[in-house]
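Asker: Could you have a look at this structure, given as structure tokens, before my questions?
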Amino acid sequence: MRKAKYQIGQVVRHRVYPFRGVIFDVDPIFNNTEDWWLSIPPEIRPSKDQPFYHLFAENEETEYVAYVSEQNLLPDESGEPLRHPDIPELFDGPENGIYRFRGEQRH
């Protein structure tokens, strides 16, 4: 099992599709339904033995929750604000590009 490359609160973007978001949870390996996994086109279907990330995601049109494999994420360094309505419920920030869980002590 690999260590997750990205952290909770980090802003990331999808490698293929035009969306970005903030990570709010991480699964060390795939933890979704087989139907969900099989719905991904075979040519881009990720391996299950890698971290998968839950994102408060958004694209030009809408906000939603996404479940994305580590291989399909890249750090988002745009510095653009996120508008997802659930972000303020869990996070403060961003501060230096990272959102912090509400009430978390700063070091």
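The values are calculated or read from the model by the stated rules, or taken from the named source; none is laboratory data. Everything quoted here is computed from the prediction, not taken from an experiment. Neighbour counts run over all protein chains shown; Cβ positions are idealised from the backbone, glycine included.
Asker: Among the candidates 63, 58, single out the residue that is surrounded by 11 or more Cβ atoms within 10 Å (Cβ to Cβ), touching a Leu at 6+ places or on another chain (Cβ under 8 Å) and among the acidic types (Asp, Glu).
Answerer: Only one candidate passes the filter, namely 58.
Asker: Here is a list of conditions, (1) within 12 Å of the chain's Cα centre (by Cα); (2) touching a residue at least 60 places away in the same chain (Cβ under 8 Å), and residue 98 meets all of them except one; can you say which number that is?
Answerer: Failed condition: (1).
Asker: Quick test of your reading of the structure: residue 29 fulfils all but one of (1) at pLDDT below 95; (2) within 12 Å of residue 7 (Cα to Cα). Name the failing condition by number.
Answerer: Every condition holds for residue 29 apart from (2).
Asker: Of all residues in the range 38-51, which are more than 20 Å from residue 2 (Cα to Cα) and either of a type in the set (A, V, I, L, M, F, W, C) or touching a strand residue (DSSP E or B) at 6+ places or on another chain (Cβ under 6 Å) (or both)?
Answerer: Residues satisfying the conditions are 38, 40, 44.
Asker: Condition check: farther than 20 Å from residue 95 by Cβ and part of a strand (DSSP E or B). Does residue 4 satisfy that?
Answerer: No; evaluated as a whole, the condition is false for this residue.
Asker: Additional query: May I ask you to list the residues in the range 79-100 that are loosely packed, with under 13 Cβ neighbours inside 10 Å and in a strand (DSSP E or B)?
Answerer: Of everything in the range 79-100, just one residue is loosely packed, with under 13 Cβ neighbours inside 10 Å and in a strand (DSSP E or B), namely 95.
Asker: Restricting attention to the range 54-72, which residues are touching a Pro at 6+ places or on another chain (Cβ under 9 Å), closer than 23 Å to residue 32 by Cβ and either assigned to a loop (DSSP other than H, G, I, E, B) or in contact (Cβ under 8 Å) with a residue 24 or more places away in the chain (or both)?
Answerer: Within the range 54-72, 56, 59, 68, 69, 70, 71, 72 qualify.
Asker: Quickly run through the range 16-42 and pick out the residues that are surrounded by fewer than 12 Cβ atoms within 10 Å (Cβ to Cβ), assigned to a loop (DSSP other than H, G, I, E, B) and of a type in the set (A, V, I, L, M).
Answerer: Matches in the range 16-42: 16 only.
Asker: Still on this structure: If residue 3 meets every condition in (1) out of contact with any Ser or Thr (no Cβ under 9 Å at 6 or more places or on another chain); (2) under 13 Å from residue 72 (Cβ atoms) apart from one, which number is that one?
Answerer: All conditions pass for residue 3, except number (2).
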